[in-house]
Amino acid sequence: MKGKMADPMRRTRQQGSGRSPRPQRIAATRGARQLNALQGFRTIFGSARIHDAEIRRSGGISGSYLWALSEIAAQDGLTVNGLAERMALHQSTASNLVNGLCERGLVRRAREAADQRIVRLHIIAAGEQMLQRAPQPHSGLLVDAIRRLKDEQLETLCQALRLLVATMRPPTSDSAGDTLLGE
């Protein structure tokens, strides 16, 4: 009877000696990693929602509007296409943001004298005041965090996100130019 029951720790000691872990442990670790990743996304988007709510309370505009306003302030004379590029948005989405900023009296459009087709964007006094009282970062927590990553960290993140997007069913690449959180 000295077989299997005589030394229950024998199997455990053998596993600790370089053998691969049991399937249940792999599954538990994988499940824990999946939940950890999910919780990471929840934290990211929850933090972004809270920051957006703070921006709305302080100035009455959304985080997307504030980010657009800050980009226009950073580069006076920016075009709608230039804004779309800086925010990784579709041109029509950037145009809608500009329309909202103009309607709120924060930005003005000006056509170039030499070429009337080119419209330049300029922040006005009310827009500058909005930026002064709005909480930082004006680009939002997620964009700010991405901008602060080191090159190798950013590349690792991009690779992981490409893999995640490719794994999603159905692919949602058509929404890549939308504003965050459905703004």
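For a quick check: sort Arg117, Arg25 by the number of other beta carbons within 10 angstrom, fewest at the front. Write out the running numbers ahead of the final one.
Numbers: Arg117 6, Arg25 11.
Final ranking by Cβ density, sparse to dense: Arg117, Arg25.
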Fewest first, what order do Ile72, Ile61, Ile26 take by the number of other Cβ atoms within 10 Å? Ile26, Ile61, Ile72
Please compute the modelled spin-label separation between Arg49 and Gln91, points set 7 Å along Cα→Cβ, answer in nm with one decimal. 3.5
Per 10 Å bin, what is the whole-percent P(r) computed from every C-alpha pair distance within the stretch 25-167? 11, 32, 30, 17, 7, 2, 0
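Bear in mind these aren't lab numbers, they're just calculated from the coordinates by the rules spelled out. What you see is a predicted model; the values in this text were computed from it and never measured. So basically every Cβ, Gly included, is an ideal-geometry build from the backbone, and we count neighbours across all protein chains shown.
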